[in-house]
C-alpha cells in the first residue's frame, strides 16, 4: 500500500503543469518555483513514510501557491489592529501620517538634494534639514536622527565616553539600569559603547546627592533613563532632571537624558499621566536628549538626538554615526512628521494621536456599527492601552465589540487572521475583543467582513 502511495505521487513536471503553478512560473523564476515543487514532493514522501497516505494533487498545488505567496508576495502584509494597543510593537508601532508616507514614497522614487547644496552646487549635509526641525520642535540648539533609539544611546555613550579613553565612567541610577524589549539592557549597551557603568542609589530611591558623590576624575557623563515599560510604585524617589543637571554643571559633566518613548505634547490632555517631553528635557538643561521616532512621536523608526550643539557635533562626527545613519525615505518621513507638530495638526495628521484623542462617542458608534453589520457580538465598555514602551500602565476608556466565539477563542482569532484582510484581535476571558480605537476609519468594512468570514469558517 505504501509503494502504491509513492507511485501515486505526481512528478515535478506534473506539478509545474497545473494551472495555478503555471501562473507562478510565468511571473517568477522557473528554477525558484521548481525548488518549491520539489520540496513539497519531499514533504509528501515524508508523509507517506509516516502515515502511509499520499496527499492529493490539489492539496500539493495549493501548498506550492501558498508558499510562493508567503515568500514572494508583498511584505510586510497589511493587517487591521483591533487589539486596542495603540503602539503595538509586533504590528509595526506607529502608522505614518499620509504626509509622512507620501514624503517617503516621493523621496524613494526620485533623485533629491539629500547631500547636495542647491545654492552652492557643492556637497551638503544630510543632517542639516532634520537638525533644524529637531531644533524648532524641541528648542534644542541642534539635533541628529539615527536608525533607532537604541542606536542613539549606543552612539551617544560611545562619543561622550570616547573623548578621553581614561574618562569613560557614566553614572546611572540602579533603578534605571533597565532592560527593555528584545534583551536591550543598559549595562550591556554601556559595555559595548566603551563606557564604564557606575551605579548609584537603590532600586527604588536615588537622590541628586548620590550622583554627586559618585563623580570622579574619570566621570564622562551622567545618564538618566526613562523606565518606559514598567512602573515602580510606593516608597520611591527619583531626582528631578534640573537637579541632576545642576550637579552636572557644577562639575562640568554633561547629563544625557534617554527619554525612551519621548513625546512633544501634553499627554494629560487625554486623561493620561504626563509622558516626559523632549522640550522639557531640553529646557531643563540636558546636554543631550534621546527619544524614539516611532512611538509617541508618531513617525518612522528612528532615534532622535536633541541638545547642545557642541555635544550634537561630537556625536555626529563619531565613526559609529555612519553605521547607524538613516536613509532618505526615513529622513523624509521624520521631517513630515515634525512639520505636523509645527503646524499644530498632530491630532488630525498623525494616526496615533488621532486614535488617542478619539472621542468615546465616536468609538462607541463604530462598535455599534460593527455589531449591526456583522450580526454578532455585544458592545461593552473596556480600556485601550498606549503600549510600545510608552506610558506604562496607562489606559484609555473605550468601547469594544465582544464576541462569544463558535468553538475555541484561539480558533476564531485564527480565522480573523485568515480573512482577506487579516484582523488582529485580543482575547479576554475566552471572548474575542475588537477595539475600534486602533482601527483606521478606512478599515471598518474589513473588520465586519473578517468577522463574517470567521463565523462562517468556525461553523464548518
(request) Of the numbered conditions (1) under 30 Å from residue 216 (Cβ atoms); (2) in contact with a strand residue (DSSP E or B) (Cβ under 9 Å, 6 or more places away or on another chain), residue 334 fails exactly one; give the number of that condition. (result) (1)
(message) Can you find, within the range 109-142, the residue that is surrounded by the fewest Cβ atoms within 10 Å (Cβ to Cβ) among those that are at pLDDT below 95, under 30 Å from residue 284 (Cβ atoms) and over 25 Å from the mean Cα position of the chain (by Cα)?
(response) 128
(message) I'm told residue 422 meets every condition in (1) closer than 19 Å to residue 409 by Cβ; (2) surrounded by 20 or more Cβ atoms within 10 Å (Cβ to Cβ) except one. Can you identify the failing condition by its number?
(response) (2)
(message) Condition first: out of contact with any helix residue (DSSP H, G or I) (no Cβ under 6 Å at 6 or more places or on another chain) and on the phi < 0 side of the Ramachandran plot. Now tell me which residues in the range 260-269 satisfy that.
(response) 261, 263, 265, 266, 267, 268, 269
(request) Identify the single condition in (1) at positive phi; (2) in contact (Cβ under 8 Å) with a residue 60 or more places away in the chain that residue 121 does not satisfy, given that it satisfies every other one. (result) (2)
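To keep it simple, each residue is scored yes or no on (1) modelled with pLDDT under 95; (2) closer than 30 Å to residue 275 by Cβ.
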{"position": "382", "(1), (2)": "no, yes"}
{"position": "388", "(1), (2)": "yes, yes"}
{"position": "401", "(1), (2)": "no, yes"}
{"position": "407", "(1), (2)": "yes, no"}
{"position": "412", "(1), (2)": "no, no"}
{"position": "416", "(1), (2)": "no, no"}
(request) Kindly indicate whether residue 261 is at pLDDT below 95, closer than 22 Å to residue 186 by Cα and surrounded by 23 or more Cβ atoms within 10 Å (Cβ to Cβ). (result) yes
(message) Just checking: which of the strands (runs of 3 or more DSSP E) contained wholly in the range 367-460 hold 3 or more residues that are touching a strand residue (DSSP E or B) at 6+ places or on another chain (Cβ under 9 Å) and touching a residue at least 60 places away in the same chain (Cβ under 8 Å)?
(response) 378-387, 395-403, 422-424
(request) Looking only at the range 222-239, decide whether some residue is modelled with pLDDT of 85 or more and over 13 Å from residue 176 (Cβ atoms). (result) no
(request) Among the numbered conditions (1) more than 24 Å from residue 357 (Cα to Cα); (2) buried (at least 24 other Cβ atoms within 10 Å of the Cβ), tell me where residue 296 comes up short. (result) (1)
(request) Residue by residue through the range 58-108, note down the ones that are under 16 Å from the mean Cα position of the chain (by Cα), closer than 19 Å to residue 416 by Cβ and part of a loop (DSSP other than H, G, I, E, B). (result) 76, 77, 78, 83, 84, 88, 92
(message) Which count do you get for residues in the range 362-379 that are surrounded by fewer than 16 Cβ atoms within 10 Å (Cβ to Cβ) and closer than 23 Å to residue 391 by Cβ?
(response) 1
(message) Which numbered condition in (1) crowded, with 17+ Cβ neighbours inside 10 Å; (2) modelled with pLDDT under 95 is the only one that residue 104 fails?
(response) (2)
(request) Could you grab me the full set of residues in the range 297-316 that are in contact (Cβ under 8 Å) with a residue 12 or more places away in the chain and either over 22 Å from the mean Cα position of the chain (by Cα) or part of a helix (DSSP H, G or I) (or both)? (result) 307, 308, 309, 311, 312, 313, 314, 315, 316
(request) Could you give me the residue pairs with C-beta distances under 8 Å whose first residue belongs to the range 105-118 and is in the same structural domain as residue 326 (by TED's automatic domain parsing), whose second residue is exposed (fewer than 12 other Cβ atoms within 10 Å of the Cβ) wherever it lies, and which are 6+ apart or on separate chains? (result) 115/123; 116/122; 116/123; 117/123
(request) Go through the range 1-29 and give me each residue that's within 37 Å of the chain's Cα centre (by Cα), loosely packed, with under 14 Cβ neighbours inside 10 Å and farther than 14 Å from residue 62 by Cβ. (result) 26, 27, 29
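The values are calculated or read from the model by the stated rules, or taken from the named source; none is laboratory data. In this text the structure is predicted, and so the values were computed from the model without any measurement. Counting neighbours? That spans all protein chains shown, and the Cβs are built from the backbone with ideal geometry, glycine included.
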